[in-house]
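K.L.:
Handing you a structure now.
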Amino acid sequence: MLFLLTPTPPTHTEQQIMSDCNRKDFTEQIKEEITPDTQKSYTQQASEQFSGATDRLKATITPESQKSTQQAAFDTVRGERDDIKAHPEGEGQGLLEKAKNALGLGTGKTN
């Protein structure tokens, strides 16, 4: 009796969303964000905090003109989210308010 072994397609495929070179992968960041800290070791939490801080630094020092569209959008959204976390009472400026102030159309209030 002859059995033909055919490869079975993977039951779970994972598509990675690529970030810019030398930046933390979007997929990895999403996984880290949705996994509760209670399911992570202290070493893993520390590693995520370090790599996240490093990626934020790279986001800050890399000119927008050198970022891909996806990376620029991700950095903008993450920056907005960080502002909300840092200013839970709403005293932080949102992206629209920052843009208005930069163009001289806003209230000019800075935080």
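K.L.:
Extension gain GLU80-ALA102, at 0.36 nm per residue separation less the Cα-Cα distance, in nm? If you can, show how the numbers build up before the last one.
P.N.:
Values: separation 22, 0.36 × 22 = 7.92 nm, distance 1.62 nm.
Result for the pair: 6.3 nm of gain on full extension.
K.L.:
If you take every residue apart from LYS40 with its C-beta less than 14 Å away from the C-beta of LYS40, what net charge results, scoring Lys and Arg +1 and Asp and Glu -1?
P.N.:
Details: positive: LYS31; negative: GLU28, GLU32, GLU33, ASP37, GLU48.
So the environment of LYS40 carries a net charge of -4.
K.L.:
In nm, what is the difference between 0.36 nm times the number of residues separating LEU57 and GLN45 and their Cα-Cα distance? Could you put the intermediate results ahead of the total?
P.N.:
Values: separation 12, 0.36 × 12 = 4.32 nm, distance 1.83 nm.
Residue separation times 0.36 nm, minus the Cα-Cα distance, leaves 2.5 nm.
K.L.:
Turning to a different aspect of this structure: Can you work out the Karplus-derived ³J(HN,Hα) for every residue in the range 27-37? Use 6.51 cos²θ - 1.76 cosθ + 1.60 with θ = phi - 60°, whole Hz, and x for glycine or proline.
P.N.:
My calculation for the range 27-37 gives 4, 5, 5, 5, 4, 4, 5, 8, 7, x, 4 Hz in order.
Every read-out reported here was derived from the displayed coordinates using simple, explicitly stated rules and does not represent laboratory data. It should be emphasised that the depicted structure is a prediction, and the values quoted were computed from it without experimental measurement. Every residue, glycine among them, receives a Cβ derived from its backbone with ideal geometry; neighbour counts consider all protein chains shown.
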